[in-house]
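Below you'll find the structure, written out as structure tokens, and then a few comments.
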Amino acid sequence: MEFGNTKIKKHRLTIGGCDCLELAQKYGTPLYVFDVDYAASVAKAYVDVLKREYPDFTVCYASKAFCCTGIYELLAPLGLGADVVSGGELYTALRGGMSADKIYFHGNNKTEAEVKYAIENGVECFVVDSERELTLISRYAKKPQNVLVRVNPGVEAHTHRFIQTTLVDSKFGFSIADGSAEEIIISISKYNNINFCGLACHIGSQIFEKQSFEIAIDKVTDFIVKLNKSGINVERLDLGGGYGIKYVEGDSPLTPKEYMQNTARYLKNAVKEKGIAPPRLIVEPGRSIVGEAGITLYTVGAIKTIKDVKTYAAVDGGMFDNPRPSLYDAAYTAVVVDRADEIATDKYSIAGKCCESGDVLIDGIELPHLLEGDILAVMSTGAYHYSMASNYNRNAVPPVVAVKDGKSCYMVKPQTYEDIARNDAKIEF
Ligand code: LLP
């Protein structure tokens with residue numbers, strides 16, 4: 001039972017030195033709990049390895065994994081930048097103290113308003129994903145705006161097809177193979193207020209094998225050789241994120257240190273062999289920084305046995321706080337927080353409370369015999385949970401409580417029913 005820095009002490013699950021049962025009693029459930037020291041330690045590991053292995057680097061935290069002001073307050077002082085994909089993420093990053101000159105703006109269809117807003121706020125770099133975006137940038141840039149071009153190296157990474165992003169038919173990036181990447185890069189020279197700095201690629205998410213990253217580096221550095229021959233310099237290379245984490249027993253991802261060491265060394269060799277100038281390396285880990293820092297606490301409510309079929313234990317959360325099982329068949333594990341090391345005797349499907357048959361968080365898990373009122377902790381919920389939560393069925397998005405050294409405080413406050421209905425307007429023509 002090793003997820004992030006969670007520990008079992010006297011049969012009880014703790015996180016950040018806080019007892020999970022006490023957290024549930026103090027803040028109520030459903031509740032996201034976030035271990036700030038764990039996230040900071042992973043972020044530091046990325047920075048420290050690259051300092052040693054590849055000193056010209058930027059680690060940009062991928063905001064989409066978990067976006068609220070507190071995460072930037074935590075990560076900016078550690079030297080991280082941020083990758084944002086919307087005006088809302090950019091706003092939150094700036095408000096959380098992230099400096100604009102460390103922000104990379106991604107997205108396959110940035111709106112005109114977003115481009116304008118980002119330029120007005122001085123974002124360091126756009127990761128261009130369409131011809132149209134160049135026109136928009138050029139319309140607003142008063143001084144040369146740095147851009148990377150998102151390329152699609154066509155790597156098949158072993159992950160769910162919806163979180164795999166560089167297959168040939170992907171909506172992201174320009175294909176290297178069919179020449180469209182080179183075409184768009186050449187076309188940038190038409191704009192005197194756009195400065196081509198390099199390439200970006202991101203092959204997918206929750207990837208365990210380092211080979212996928214190596215193949216991407218092979219393909220992208222081959223492309224750099226080609227561009228160099230046409231007189232185009234590539235000063236920066238953004239390899240995206242995608243480093244996998246542990247969700248269930250049996251998942252054995254590399255450590256961030258291993259992922260980074262391998263990437264840095266592989267890239268160093270590739271540029272040396274191919275005789276190209278080493279670009280600045282940008283990496284954009286999201287999930288691996290925040291994923292195992294988070295757990296979600298739920299209270300068990302209705303328990304229902306369908307004879308000879310299964311037993312459902314329903315909790316007070318569901319697809320509104322965690323849509324990943326219904327979207328990606330994502331697997332999770334859970335523990336009863338005050339009987340965390342008790343032998344499992346029964347099998348349950350952990351159901352959510354939304355009015356959808358598919359709202360099942362864990363379809364089959366062995367647990368100690370559950371009783372109404374038990375507090376369940378679902379592990380590794382720090383990434384793509386709060387950020388993907390919704391008000392479906394007008395359920396409130398759970399608050400996020402930060403924990404550290406036995407202390408706790410809100411990182412995101414609870415939503416009230418009034419908050420949920422705040423923007424509802426009276427129909428008045
Ligand atoms: N950079 C780019 C350009 C990306 O598109 C992504 C993720 C990342 C970085 C961060 O990847 P990470 O290190 O977190 O794997 N909602 C899905 C994941 C979608 C990821 C999309 N892009 C999920 O819940 O699994």
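Before moving on, here are some points about what is shown:
- The listed residues are Phe105, Phe66, and the only one of them that is of a type in the set (Phe, Trp, Tyr), under 25 Å from Ser175 (Cα atoms) and either out of contact with any helix residue (DSSP H, G or I) (no Cβ under 9 Å at 6 or more places or on another chain) or within 16 Å of the ligand (Cβ to nearest atom) (or both) turns out to be Phe105.
- Lone qualifier among Ile365, Ile427, Ile420 - being modelled with pLDDT of 95 or more, part of a strand (DSSP E or B) and either more than 16 Å from the ligand (Cβ to nearest atom) or surrounded by fewer than 21 Cβ atoms within 10 Å (Cβ to Cβ) (or both): Ile365
- Residues (loosely packed, with under 14 Cβ neighbours inside 10 Å and assigned to a loop (DSSP other than H, G, I, E, B)) located in the range 304-318: Lys307, Asp308, Val309
- The lone exception for Leu370 - which of (1) in contact (Cβ under 8 Å) with a residue 24 or more places away in the chain; (2) outside any loop (DSSP other than H, G, I, E, B); (3) more than 24 Å from Arg95 (Cα to Cα); (4) more than 18 Å from the chain's Cα centre (by Cα) it fails: (2)
- Val290 surrounded by 16 or more Cβ atoms within 10 Å (Cβ to Cβ), within 16 Å of the ligand (Cβ to nearest atom) and either aliphatic (A, V, I, L, M) or farther than 30 Å from Asn195 by Cβ (or both): yes
- For the range 30-44, the tally of residues that are buried (at least 20 other Cβ atoms within 10 Å of the Cβ) and farther than 14 Å from Gly294 by Cα stands at 1.
- One residue from Asn233, Asn195, Asn262 being among the polar types (S, T, N, Q), more than 16 Å from the ligand (Cβ to nearest atom) and not in a loop (DSSP other than H, G, I, E, B): Asn195
- Residue ID - surrounded by the most Cβ atoms within 10 Å (Cβ to Cβ), chosen from residues in the range 180-201 that are among the aliphatic types (A, V, I, L, M) and farther than 17 Å from Ser230 by Cβ: Ala200
- Residue satisfying condition, being outside any helix (DSSP H, G or I) and either in contact with a Pro (Cβ under 7 Å, 6 or more places away or on another chain) or among the hydrophobic types (A, V, I, L, M, F, W, C) (or both), within set Lys246, Lys190: Lys246
- If you filter the range 293-303 down to residues that are surrounded by 24 or more Cβ atoms within 10 Å (Cβ to Cβ) and not aromatic (Phe, Trp, Tyr), you find that the one that is nearest to Asp222 (Cα to Cα) is Ala293.
- Sub-8 Å Cβ pairs linking a first residue in the range 327-348 that is small (Gly, Ala, Ser) to a second residue that is assigned to a strand (DSSP E or B) and surrounded by fewer than 17 Cβ atoms within 10 Å (Cβ to Cβ), at least 6 apart or interchain, are Ala340/Ile8; Ala344/Glu366, ordered by first then second residue.
Each row is one residue, and each column tells you yes or no for (1) more than 24 Å from Gln261 (Cβ to Cβ); (2) surrounded by fewer than 22 Cβ atoms within 10 Å (Cβ to Cβ).
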| residue | (1), (2) |
| --- | --- |
| Ile8 | yes, yes |
| His11 | yes, yes |
| Ile15 | yes, no |
| Gly28 | yes, yes |
| Ala65 | no, no |
| Lys116 | yes, yes |
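- Scanning the range 319-351 for residues that are within 16 Å of the ligand (Cβ to nearest atom) and crowded, with 23+ Cβ neighbours inside 10 Å yields Met319, Asp321, Asn322.
- Leading residue by the ranking (surrounded by the fewest Cβ atoms within 10 Å (Cβ to Cβ)) among those in the range 237-259 that are more than 14 Å from the ligand (Cβ to nearest atom) and among the charged types (D, E, K, R): Glu249
The values are calculated or read from the model by the stated rules, or taken from the named source; none is laboratory data. Just so it is clear, the model here is predicted, and its values are computed rather than measured. In this analysis, Cβ positions are derived from the backbone assuming ideal geometry, glycine residues included, and neighbour counts consider all displayed protein chains.
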